[in-house]
Amino acid sequence: MGATTIGALVGAAIDKMSGDDDSSVDGAIKGAIVANVLKVVVPMAITYAVGWAVLRGAAELKEQLFETEDAA
């Protein structure tokens, strides 16, 4: 099952549990939209976090390699 289908099923189930209306179609649509947004946002967030960690590590390595002591 695709993420969109699972998102639609979860959205419909949540909407059905709330008991506001008889139809769970609007919950399914909202769930599908959220699933598609998450398919884009989560990989971008992970890529950003890994890139940040690599740059942070490179800066620490640079400090350790080129560490100079002041002759004070």
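The values are calculated or read from the model by the stated rules, or taken from the named source; none is laboratory data. Computed from a prediction, not measured in an experiment: that's the story for all the values here. Cβ sites come from the backbone with ideal geometry, for glycine too, and all protein chains shown count toward neighbours. These area figures cover heavy atoms from the full protein model, side chains too; ligands, DNA and RNA do not enter into them. Shrake-Rupley method; radii C 1.70, N 1.55, O 1.52, S 1.80 Å.
Some values worked out for this structure:
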quantity	calculated
Top-ranked residue in segment 18-28 [being assigned to a helix (DSSP H, G or I) and of a type outside the set (S, T, N, Q); ranked as most open to solvent (accessible area, probe 1.4 Å)]	25
Residue list for segment 1-17, filter: in a helix (DSSP H, G or I), open to solvent by less than 60 Å² (accessible area, probe 1.4 Å) and out of contact with any helix residue (DSSP H, G or I) (no Cβ under 7 Å at 6 or more places or on another chain)	13
Restricting segment 29-71 to residues that are of a type in the set (Asp, Glu) and part of a helix (DSSP H, G or I), the residue that is nearest to residue 15 (Cα to Cα)	60
